[in-house]
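What follows is a single structure, written as C-alpha cells, with notes after it.
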Amino acid sequence: MRTNSQKVANLIPTEDPYISVAIGAANALVTNKLSDFDLSESLLTEIETYLAAHFLAQNPSIREETGIEFMEYRKGLENTNYGQTAISLDTTNTLASMNKNTGFEFKVL
C-alpha cells in the first residue's frame, strides 16, 4: 500500500474501520491501472490517497458523520471532490477515461 489511514484521515477525519477497505480498493485500482505508466511513486501515493478518500466518502454513515459533500447528480469519481482531485492528479487520463465508462448502455438487438 502506498497510502495509510493517517493520510486519508487528514482528508476525512474519521476512525471508521472502513478506511482500511477504502485504502485496499484504492491500492488495487492504482496498482492495476496506473503503475505501468511513468508516474512517480509520490504521485501514485497522492492519487491513491484521494481515491481512498473518495471510496470512503461513498459510505453514507461517513458522509453523515463528517458532512462531506456528495454530488449525486455526478457519476463515478466525479461525485466527490476527492475523486475529482484523483482525476486531476492522473496525468495519464486513465481515471478520466474510466469515469466516462461508468454508465449503463442499453442496446436493442
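What to note about this one:
- Inside the stretch 40-78, residues that are within 18 Å of Lys100 (Cα to Cα) and either at pLDDT below 90 or of a type in the set (D, E, K, R) (or both) make up a count of 7.
- Candidates Phe55, Phe70, Phe37: the one that is of a type in the set (A, V, I, L, M, F, W, C) and in contact with a Gly (Cβ under 9 Å, 6 or more places away or on another chain) is Phe55.
- Apart from one condition, Ile12 fits all of (1) under 12 Å from the mean Cα position of the chain (by Cα); (2) surrounded by 20 or more Cβ atoms within 10 Å (Cβ to Cβ); the exception is (1).
- Scanning the stretch 44-64 for residues that are surrounded by 11 or more Cβ atoms within 10 Å (Cβ to Cβ) and more than 14 Å from the chain's Cα centre (by Cα) returns Ile62, Arg63.
The values are calculated or read from the model by the stated rules, or taken from the named source; none is laboratory data. Given the structure is predicted, the values throughout are model-derived calculations rather than measurements. Using ideal geometry, Cβ is built from the backbone for each residue, glycine included, and neighbour counts are taken over all protein chains shown.
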